[in-house]
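**Student:** Structure in structure tokens, see below.
The values are calculated or read from the model by the stated rules, or taken from the named source; none is laboratory data. No experiment lies behind these values; they were computed from the predicted model shown. Every residue, glycine among them, receives a Cβ derived from its backbone with ideal geometry; neighbour counts consider all protein chains shown.
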Amino acid sequence: MTRLLREDGIQCARSDAREPLEVLQAARSAHRGGSPREGARSEPASGAATGGGGPQAGPQAPPTRISSLLILGVLLVAAYGFEIAPFHSDLGFALAWGAFPVVATACAVGAPPLSTGLAALGAALLSLAQRRLSTPVRALRRRAVAVTGQVSYRDGSTQPIDAPGHIAVPEGALRLLWPAAVLMSAGVLGARWL
């Protein structure tokens, strides 16, 4: 085994059976990301991190499409933050914070359109449910001065209406939405990678 020092300072090993040119080509291909062996399957994390991935990598969106989606994402966040009417609504929230991230991710990894559409619709509906549950709770916390009253039942019993009781049900549902979304995502990732 002979050690060679390339012009850029990287050490290469070569056996007597390999030519120095082959050693340099292998070292250069390993430096670019992906696998140093032609046709070898690369690790998903390595391919994603280095932009490599070799011949086994899936289709990727062209850089102009990714740049366009990145710019659109920044504009959606800004429009929502400045409370611009169509974006700062229930539907705007569902599309910008639910469907858009799914579409952008699917575009980046080259997912099929039908699967992308179904996943984006599901994410939009989850975001819409979150918005519908959180809006009355937020209004009650920020603007309500007092909550009074009671619920009268047929059997003659009554239940007082107060702010904590009025907030408890939607907040309980909101607390269930985020782990549900995380578990669904983990299931999809597990189906793909495990």
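**Student:** Please report, ordered by residue number, the helices (runs of 4 or more DSSP H) entirely within segment 79-194 with at least 3 residues that are in the same structural domain as residue 68 (by TED's automatic domain parsing) and of a type in the set (A, V, I, L, M).
**Tutor:** Per the criteria, 100-109, 113-143, 163-193.
**Student:** Which of the residues that make up segment 103-143 are touching a Phe, Trp or Tyr at 6+ places or on another chain (Cβ under 6 Å) and among the basic types (Lys, Arg)? Spell out the reasoning first.
**Tutor:** Let us first name the residues in segment 103-143 that are touching a Phe, Trp or Tyr at 6+ places or on another chain (Cβ under 6 Å), namely 127, 131.
Within segment 103-143, just 131 meets the criteria.
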